[in-house]
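Input: a single structure, listed below in structure tokens.
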Amino acid sequence: MLFAKPLAELIAELEKLPGVGPKSAQRLAYHLLRVPDHEASALATAIMAAKEKLRFCHRCQNISEFEECEICRDVRRDKTVMCVVAEPRDIVALERINDYRGRYHVLHGLMSPVDGIGPEQLRIKELIGRLHDEPVEEIIVATNPTIEGDTTALYLAKLLKPIGIKITRIAHGMPSGGELDYADSATLLSAIEYRREM
Amino acid sequence: MVTHLTLLNFRNFEHLDQPISAGFTILAGENAQGKTSFLEALYWLSTARLLRGQRDSEAVRHGAAGCTAQATLEAGTTVAGALEVGARKKFFLNGASLPRAADIMGRIPTVCISMFDLSIVQGDPSDRRLFLDLELSALYPAYLRHFAAYKRALEQRNALLKMAQDRSVDPYAFEGWEEQLELHGAEMRRFRQEYLTALSTLAANVHAEMASREEVLSLRYFTKDSGASLAQTRHLDIARGSTQIGPHRDDVEVLIDGSEARLFGSQGQQRTAVISLKLATMEAWKDLLGVAPLLLLDDMLSDLDPVRRAKLCAVVSSRASQAVLTCTEATAAGSDILDIAQVLTVQNGTVRRA
């Protein structure tokens with residue numbers, strides 16, 4: 001046997017983590033064996049505490065410590081604008097710019113039948129529900145400009161247009177401060193396609 | 001124009017540092033000595049693919065941990081590729097790593113003709129689509145983008161079709177994927193049809209010079225679609241579990257005097273048609289770029305009879321600007337090319353001037 005059984009189990013668990021291959025899993029496992037007991041148990045406790053204490057905000061479906069997340073509870077936030085994102089981490093990115101003052105809605109994925117994900121697997125029902133009791137006037141669809149992101153945006157537009165809400169899609173093209181010379185052709189193509197008059 | 005090729009552990013070559021002539025280069029030598037590896041390296045750097053659809057790992061010399069290839073172009077630009085066994089290939093432009101392998105495409109405009117290309121005339125519709133898709137992707141980054149988006153949307157709709165066999169599926173979900181397919185599919189067809197129209201005229205001209213008797217080569221884009229939308233064929237597609245219409249089912253008809261070369265052409269006619277077609281792609285590149293692309297001819301001379309061989313050499317010498325040809329005997333190239341070519345002998349992974 002290559003590894004003692006508990007070690008093999010630890011490696012197998014670590015390997016399930018995204019971005020962790022067999023080599024990294026082994027390295028992490030050996031590292032964990034070397035650290036003092038209190039550090040290892042701090043990690044284990046942190047994992048369990050996060051699992052137990054965190055839930056999804058009943059409104060925007062973001063990860064939250066409370067029934068309603070801090071953004072949704074913030075009265076200074078503009079209730080008439082809703083930004084729809086695929087993952088909670090996208091909110092983190094958008095919040096970093098300190099500019100967007102509306103609320104969010106997290107879909108928890110994008111439509112991808114290949115992976116068995118249709119509209120029913122996304123938090124779309126919850127989104128529709130919110131439109132009944134929130135004064136939303138504009139929905140900004142901020143999914144990634146991939147085929148799955150675009151198709152999910154298209155689906156939302158079809159679904160929500162009849163309700164009479166303004167639907168917008170984030171722009172894509174050249175990154176700010178980027179150099180044309182080094183941009184890949186897909187980026188340049190969309191920069192030309194979505195050019196605007198000045 | 002490529003001025004220099006450097007290889008490290010690339011196929012037969014442990015190490016190669018070879019200046020390349022501005023005009024014609026003939027690589028002569030016995031089989032399995034490295035002639036094709038030389039062409040393969042140039043092809044890899046221009047398309048990010050190996051010939052004959054081989055896996056990238058086959059670029060690595062037997063027993064080596066990885067390989068690199070670098071071409072220097074006339075303006076001093078370098079295009080390089082590196083592959084380590086078990087890792088992803090990486091390409092570099094002037095030493096800067098490119099985010100995607102596909103970004104290297106078109107940096108060294110190249111047309112390669114080998115016996116493998118006979119599949120364009122003799123093979124399945126998928127062989128002809130592959131030919132078109134590769135040509136157009138290299139010529140137009142916009143085509144590559146539509147093609148990649150179409151392919152992905154097709155996988156997604158097909159997965160949804162299979163899902164719909166067992167349970168009901170939200171029609172809006174279908175519409176989303178279908179809109180993507182129809183949008184990118186229409187663009188693909190527009191590119192393909194325009195390209196084929198141009199190619200047909202160019203190929204007819206080359207073929208007229210090459211053919212042994214007067215005959216007309218033409219190309220026609222062929223689609224089975226009746227004009228129905230994907231929404232209309234949805235129920236049929238659900239029953240079959242796959243998308244039955246669209247550019248992924250289209251074909252190109254290669255016609256000699258109006259009848260399909262695949263069915264009615266002789267071996268000789270088919271071979272000449274393929275060479276005409278490929279040389280026409282070189283002309284199409286030339287029209288678009290203003291300069292002729294690098295022409296690679298892999299072992300195309302040995303199987304031709306002396307008359308056709310002479311005609312091919314005449315056409316190549318009058319139309320190509322830079323070309324690399326492989327053959328067992330340099331004399332096969334004929335005096336048209338031999339008189340102006342740099343002749344290199346390839347033996348056991350080394351190259352020397354003949």
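The values are calculated or read from the model by the stated rules, or taken from the named source; none is laboratory data. This one's a predicted model, so the numbers in the text were calculated from it and none came from an experiment. So basically every Cβ, Gly included, is an ideal-geometry build from the backbone, and we count neighbours across all protein chains shown.
Kindly indicate whether any position in region A:152-168 is aromatic (Phe, Trp, Tyr), within 11 Å of chain B (Cβ to nearest Cβ) and free of Cβ contacts under 8 Å to residues at least 60 places away in the same chain.
Start the filter on region A:152-168 by keeping residues that are aromatic (Phe, Trp, Tyr), which leaves A:155.
Still in the running and within 11 Å of chain B (Cβ to nearest Cβ): A:155.
In the following step, the residues that additionally are free of Cβ contacts under 8 Å to residues at least 60 places away in the same chain were identified as A:155.
Yes, because at least one residue in region A:152-168 is aromatic (Phe, Trp, Tyr), within 11 Å of chain B (Cβ to nearest Cβ) and free of Cβ contacts under 8 Å to residues at least 60 places away in the same chain.
Out of B:Ala148, B:Ala164, I need the residue that is modelled with pLDDT under 95 and farther than 15 Å from A:Gly118 by Cα. Which one? Walk me through how you get there before you give the answer.
Working: B:Ala164 fails: farther than 15 Å from A:Gly118 by Cα.
Being modelled with pLDDT under 95 and farther than 15 Å from A:Gly118 by Cα holds for just one of B:Ala148, B:Ala164, which is B:Ala148.
If we scan region A:136-151, do we find a residue that is assigned to a loop (DSSP other than H, G, I, E, B), within 10 Å of chain B (Cβ to nearest Cβ) and among the polar types (S, T, N, Q)? Explain how you work it out, then say what you get.
Looking only at region A:136-151, we keep the residues that are assigned to a loop (DSSP other than H, G, I, E, B), and these are A:136-137, A:142-146.
Checking the rest, the ones that are also within 10 Å of chain B (Cβ to nearest Cβ) come to A:146.
Okay, now just the ones that are also among the polar types (S, T, N, Q), so A:146.
Within region A:136-151, one or more residues are assigned to a loop (DSSP other than H, G, I, E, B), within 10 Å of chain B (Cβ to nearest Cβ) and among the polar types (S, T, N, Q).
What single numbered condition from (1) of a type outside the set (A, V, I, L, M, F, W, C); (2) at pLDDT 95 or above; (3) closer than 30 Å to B:Gly241 by Cβ fails to hold for A:Pro145?
Condition not satisfied by A:Pro145: (2).
Among A:Ile128, A:Ile167, which is at pLDDT 90 or above, under 20 Å from the mean Cα position of the chain (by Cα) and not in a helix (DSSP H, G or I)? Outline the logic, then answer.
Numbers: A:Ile128 fails: not in a helix (DSSP H, G or I).
Matching residue, one of A:Ile128, A:Ile167: A:Ile167.
Table: residues versus (1) without any contact (Cβ under 8 Å) to a residue 12 or more places away in the chain; (2) within 14 Å of chain A (Cβ to nearest Cβ); (3) of a type outside the set (Ser, Thr, Tyr).
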site	(1), (2), (3)
B:Ser126	yes, no, no
B:Tyr140	no, yes, no
B:Leu154	no, yes, yes
B:Val169	yes, yes, yes
B:Leu181	no, yes, yes
B:Glu187	no, yes, yes
B:Leu199	no, no, yes
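Taking A:Ile63 and the conditions (1) exposed (fewer than 10 other Cβ atoms within 10 Å of the Cβ); (2) under 28 Å from A:Gln121 (Cα atoms); (3) in contact with a helix residue (DSSP H, G or I) (Cβ under 8 Å, 6 or more places away or on another chain), which numbered condition does it fall short on, given that it satisfies the others?
(1)
Considering only residues that are among the charged types (D, E, K, R) and in contact with a strand residue (DSSP E or B) (Cβ under 7 Å, 6 or more places away or on another chain), which ones fall in region B:306-354?
Going through region B:306-354, the residues among the charged types (D, E, K, R) turn out to be B:308-309, B:311, B:319, B:329, B:336, B:339, B:352-353.
Listed by number, the residues that qualify are B:Glu329, B:Arg352, B:Arg353.
Can you go through B:Leu277, B:Leu196, B:Leu219 and tell me which one is in contact with a Phe, Trp or Tyr (Cβ under 7 Å, 6 or more places away or on another chain) and more than 30 Å from B:Pro171 (Cα to Cα)? Please lay out each step first, then the result.
Working: B:Leu277 fails: in contact with a Phe, Trp or Tyr (Cβ under 7 Å, 6 or more places away or on another chain); B:Leu219 fails: in contact with a Phe, Trp or Tyr (Cβ under 7 Å, 6 or more places away or on another chain).
B:Leu196 is the lone residue from the list that is in contact with a Phe, Trp or Tyr (Cβ under 7 Å, 6 or more places away or on another chain) and more than 30 Å from B:Pro171 (Cα to Cα).
Confirm whether B:Gly66 is surrounded by 19 or more Cβ atoms within 10 Å (Cβ to Cβ), away from chain A (no Cβ under 13 Å) and over 30 Å from B:Asp303 (Cβ atoms). Write out each step before concluding.
On the way: surrounded by 19 or more Cβ atoms within 10 Å (Cβ to Cβ): no; away from chain A (no Cβ under 13 Å): yes; over 30 Å from B:Asp303 (Cβ atoms): yes.
So B:Gly66 does not fit the description; no.
Is it true that some residue in region A:15-36 is outside any helix (DSSP H, G or I), under 18 Å from the mean Cα position of the chain (by Cα) and in contact (Cβ under 8 Å) with a residue 12 or more places away in the chain? Can you show your working first?
Taking region A:15-36 and keeping what is outside any helix (DSSP H, G or I), we get A:16-21, A:35-36.
So of that shortlist, the ones also under 18 Å from the mean Cα position of the chain (by Cα) come out as A:17-19.
So of that shortlist, the ones also in contact (Cβ under 8 Å) with a residue 12 or more places away in the chain come out as none.
There is no residue in region A:15-36 that is outside any helix (DSSP H, G or I), under 18 Å from the mean Cα position of the chain (by Cα) and in contact (Cβ under 8 Å) with a residue 12 or more places away in the chain.
For B:Ile113, which of the numbered conditions (1) surrounded by 20 or more Cβ atoms within 10 Å (Cβ to Cβ); (2) closer than 16 Å to B:Thr6 by Cβ fails to hold?
(2)
Need a quick list: strands (runs of 3 or more DSSP E) entirely within region B:258-354 having at least 2 residues that are out of contact with any helix residue (DSSP H, G or I) (no Cβ under 9 Å at 6 or more places or on another chain) and among the aromatic types (Phe, Trp, Tyr). Show your work before the answer.
Working: elements: B:294-298, B:323-327, B:341-347, B:350-353.
Fully inside region B:258-354 and qualifying: nothing.
If I go through region B:161-176 residue by residue, how many of them are part of a helix (DSSP H, G or I) and in contact with a Phe, Trp or Tyr (Cβ under 9 Å, 6 or more places away or on another chain)?
Of region B:161-176, the ones part of a helix (DSSP H, G or I) are B:161-166, B:171-176.
Narrowing further to those that are in contact with a Phe, Trp or Tyr (Cβ under 9 Å, 6 or more places away or on another chain): B:161, B:164, B:172-173, B:175-176.
Going through region B:161-176 one residue at a time, the tally reaches 6.
What are the residues in region B:210-255 that are among the hydrophobic types (A, V, I, L, M, F, W, C) and not in a loop (DSSP other than H, G, I, E, B), if any? I'd like the intermediate steps shown before the answer.
Residues of region B:210-255 that are among the hydrophobic types (A, V, I, L, M, F, W, C), as a first pass: B:210-211, B:216-217, B:219, B:222, B:228, B:230-231, B:236, B:238-239, B:245, B:252, B:254-255.
Matches in region B:210-255: B:Met210, B:Leu217, B:Leu219, B:Phe222, B:Leu230, B:Ala231, B:Leu236, B:Ile238, B:Ala239, B:Val252, B:Val254, B:Leu255.
I'm trying to understand the selection: among the residues of region A:121-144, which are touching a helix residue (DSSP H, G or I) at 6+ places or on another chain (Cβ under 7 Å) and under 26 Å from B:Lys151 (Cβ atoms)?
The answer is A:Val141, A:Ala142, A:Thr143.
Quick one: in region A:171-186, of everything that is at the interface with another protein chain (Cβ under 10 Å from one of its Cβ atoms) and among the hydroxyl-bearing types (Ser, Thr, Tyr), which residue is nearest to A:Pro145 (Cα to Cα)?
By that ranking, first place goes to A:Ser185.
Residues of region A:104-131 being within 23 Å of A:Val81 (Cβ to Cβ) and hydroxyl-bearing (Ser, Thr, Tyr), which ones?
Result: A:Tyr104, single match.
Kindly indicate the residue of region A:87-117 that is surrounded by 21 or more Cβ atoms within 10 Å (Cβ to Cβ) and assigned to a loop (DSSP other than H, G, I, E, B) and also nearest to the other protein chains (Cβ to nearest Cβ) among those meeting that condition.
The residue in question is A:Met111.
Pairs please, first residue from region B:52-63 and under 15 Å from B:Gly81 (Cβ atoms) and touching a residue at least 12 places away in the same chain (Cβ under 8 Å), second anywhere and part of a helix (DSSP H, G or I) and not small (Gly, Ala, Ser), Cβ atoms under 9 Å, 6+ apart in sequence or on different chains.
B:Asp56/B:Trp44; B:Ala59/B:Glu40; B:Ala59/B:Trp44
If the requirement is being in the same structural domain as A:Ile91 (by TED's automatic domain parsing), surrounded by fewer than 21 Cβ atoms within 10 Å (Cβ to Cβ) and farther than 20 Å from A:Phe56 by Cα, which of these qualifies: A:Glu120, A:Glu138, A:Glu134?
Numbers: A:Glu120 fails: farther than 20 Å from A:Phe56 by Cα; A:Glu134 fails: farther than 20 Å from A:Phe56 by Cα.
None of the other options fit; the residue is A:Glu138.
Return only the number of the condition from (1) under 30 Å from B:Gln193 (Cβ atoms); (2) surrounded by 19 or more Cβ atoms within 10 Å (Cβ to Cβ); (3) in contact with a strand residue (DSSP E or B) (Cβ under 6 Å, 6 or more places away or on another chain) that B:Met105 does not satisfy.
Unmet condition: (3).
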